[in-house]
Amino acid sequence: MDPDTSTTPAPPEQIRAVPVRHPGRWIAAAVIAVLAAMFVHMLVTNPVFQWDFMVENMFSDAVLRGARTTLIMTVLAMVIGILLGIVLAVMRLSANPEVSGAAWVYIWFFRAIPRIVLLFFVASLGALYARYEFGFPFDQQLMDLFGFQGDWRLFGFDGNEIFKGFVAGLIGLALSEAAYMAEIVRAGIQSVDPGQAEAAHALGMSRGKTMRRIVLPQAMRVIIPPTGNETIAMLKDTALLVAVPVTTELNFQLRAIGTRTFQVIPMAVASILWYLALASLLMVGQYFLERRFSRGFGNRETRQQRAARRARDVGSTH
């Protein structure tokens, strides 16, 4: 007896996939392309840019010395700011309220003051005191109280010689940067599991050694990205050294050429190109640092992935 074919289900029809259309993307792409073409046309056809004059002067000896000064200032200010920021971050996390409070006051003060205002003030410290000396505190008052002559000063320096030019700019930028780096380092330290430090202490490691060998290496994954941003910001903030002033700085030299030759726009464009090039180099370095300190994070296999990989390895051996 033949089976009843009337109850056999019919095969499903083939699904006809219709791609989703995105007309908004095409419109946005067309608008961006038109705007880009208009921008390039403006750069090429507008005679105000004076491209030949700009290229001829943006690589002069004075400008190259300015670029070197800018890079040196950026590196030194960041190194001092990072080291001082680490100290402030450790102080901020201290259980001692006086130490923690002192670090908080420092961070509060220098984060609140604009850098150009701070630079102008540091450059004026020579007028506050003509000479700065180090020694026993209140030495002259104590000597006068007991009827003695002299003082207990160890060494000193002329304020008008120190607080000017490159040194004044470096002091202002480094002190300001330390306040920001302290918060970045503090966030990185707090991102590390407290059990890591507890285990190190259980093994007999001191607090300082635990911080250097255990906590900070793990915190670098969190510290590096914002530190790279701060370095790029420091590179740009070297243009504020006009408040000191630092005459060998990159932006100062480019502005001087533009003012002297009445070609302000070409030299402004040259300044933009210089800072774009220097910042791009710093971004490349930040990328490799982030990749180095992120090893072992974010690429861990799940249990199912490990089991599937092992199954494939076993199957490939048979």
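The values are calculated or read from the model by the stated rules, or taken from the named source; none is laboratory data. A quick note: this is a predicted structure, and the numbers were derived from the prediction, not measured. Every residue, glycine as well, gets a Cβ built from its backbone with ideal geometry; the counts of neighbours run over all protein chains shown. These accessible areas exclude ligands, DNA and RNA; they are computed on the full protein's heavy atoms, side chains included. Shrake-Rupley method; radii C 1.70, N 1.55, O 1.52, S 1.80 Å.
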>> Of the conditions (1) open to solvent by 60 Å² or more (accessible area, probe 1.4 Å); (2) closer than 25 Å to Met78 by Cβ, Arg131 satisfies every one except a single condition; which number is it?
In response: (2)
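Taking segment 137-157 as the region of interest, how many residues are touching a helix residue (DSSP H, G or I) at 6+ places or on another chain (Cβ under 8 Å) and at pLDDT 75 or above?
We begin by selecting, within segment 137-157, every residue touching a helix residue (DSSP H, G or I) at 6+ places or on another chain (Cβ under 8 Å); these are 149-153.
Narrowing the set further to residues that are at pLDDT 75 or above leaves 153.
Residues flagged as touching a helix residue (DSSP H, G or I) at 6+ places or on another chain (Cβ under 8 Å) and at pLDDT 75 or above within segment 137-157 amount to 1.
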> Quick one: what pairs do we get from segment 266-277, first residue surrounded by 21 or more Cβ atoms within 10 Å (Cβ to Cβ), second not in a helix (DSSP H, G or I), C-beta under 6 Å, 6+ apart or different chains?
Replying inline: Pro266/Gln50; Ala270/Met58
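Please verify whether Ile224 is open to solvent by 10 Å² or more (accessible area, probe 1.4 Å), farther than 13 Å from Ile86 by Cβ and touching an Asp or Glu at 6+ places or on another chain (Cβ under 6 Å), treating the condition exactly as stated.
On the way: open to solvent by 10 Å² or more (accessible area, probe 1.4 Å): yes; farther than 13 Å from Ile86 by Cβ: yes; touching an Asp or Glu at 6+ places or on another chain (Cβ under 6 Å): yes.
Yes.
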>> For a quick check of your reading of the model, give me the residue pairs whose first member lies in segment 128-157 and is part of a loop (DSSP other than H, G, I, E, B), whose second is open to solvent by less than 80 Å² (accessible area, probe 1.4 Å), with beta-carbon atoms closer than 6 Å and at least 6 apart or on different chains.
In response: Tyr129/Gly159; Ala130/Gly159; Asp151/Asp139; Trp152/Gly135; Trp152/Asp139
> Is it fair to say Asp139 is touching a strand residue (DSSP E or B) at 6+ places or on another chain (Cβ under 8 Å) and of a type in the set (Asp, Glu)?
Replying inline: yes
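Would you call Leu125 buried (at least 18 other Cβ atoms within 10 Å of the Cβ), among the hydrophobic types (A, V, I, L, M, F, W, C) and under 29 Å from Leu235 (Cα atoms)?
Values: buried (at least 18 other Cβ atoms within 10 Å of the Cβ): no; among the hydrophobic types (A, V, I, L, M, F, W, C): yes; under 29 Å from Leu235 (Cα atoms): yes.
Taking the combined requirement at face value, the residue does not satisfy it.
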> Taking segment 237-286 on its own, how many of its residues are within 19 Å of Phe59 (Cα to Cα), assigned to a helix (DSSP H, G or I) and not β-branched (Val, Ile, Thr)?
Replying inline: 24
> Scanning segment 158-192 for residues that are closer than 21 Å to Ser124 by Cα and among the β-branched types (Val, Ile, Thr), which turns out modelled with the highest pLDDT?
Replying inline: Ile171
> Only one of (1) assigned to a helix (DSSP H, G or I); (2) open to solvent by less than 70 Å² (accessible area, probe 1.4 Å) fails for Asn160. Which number is that?
Replying inline: (2)
> In this structure, is Ile184 open to solvent by 40 Å² or more (accessible area, probe 1.4 Å), within 30 Å of Leu76 (Cα to Cα) and touching a helix residue (DSSP H, G or I) at 6+ places or on another chain (Cβ under 6 Å)?
Replying inline: no
> Going through segment 191-216 one residue at a time, which ones are without any contact (Cβ under 8 Å) to a residue 24 or more places away in the chain and either open to solvent by less than 70 Å² (accessible area, probe 1.4 Å) or not in a helix (DSSP H, G or I) (or both)?
Replying inline: Asp193, Gly195, Ala197, Ala199, Ala200, Leu203, Gly204, Met205, Ser206, Gly208, Thr210, Ile214
>> If I filter segment 65-93 down to residues being out of contact with any Phe, Trp or Tyr (no Cβ under 9 Å at 6 or more places or on another chain) and open to solvent by less than 40 Å² (accessible area, probe 1.4 Å), which single residue comes out as farthest from Thr247 (Cα to Cα)?
In response: Ala89
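Please find, among Gly85, Gly159, Gly101, the residue that is under 32 Å from the mean Cα position of the chain (by Cα) and closer than 22 Å to Thr238 by Cα.
Numbers: Gly159 fails: closer than 22 Å to Thr238 by Cα; Gly101 fails: closer than 22 Å to Thr238 by Cα.
Answer to the selection: Gly85.
Do you know which residues across segment 97-107 are of a type outside the set (Asp, Glu) and over 12 Å from Tyr180 (Cβ atoms)?
Initial filter on segment 97-107 (of a type outside the set (Asp, Glu)): 97, 99-107.
Answer for segment 97-107, where residues must be of a type outside the set (Asp, Glu) and over 12 Å from Tyr180 (Cβ atoms): Pro97, Val99, Ser100, Gly101, Ala102, Ala103, Trp104, Val105.
Quick one: which residue in Pro97, Pro114 is exposed (fewer than 14 other Cβ atoms within 10 Å of the Cβ) and closer than 22 Å to Ala168 by Cα? Let's see the steps before the verdict.
On the way: Pro97 fails: closer than 22 Å to Ala168 by Cα.
After ruling out the rest, the residue left standing is Pro114.
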> How many of the residues making up segment 178-209 are out of contact with any Lys or Arg (no Cβ under 7 Å at 6 or more places or on another chain) and either closer than 28 Å to Trp108 by Cβ or aromatic (Phe, Trp, Tyr) (or both)?
Replying inline: 15
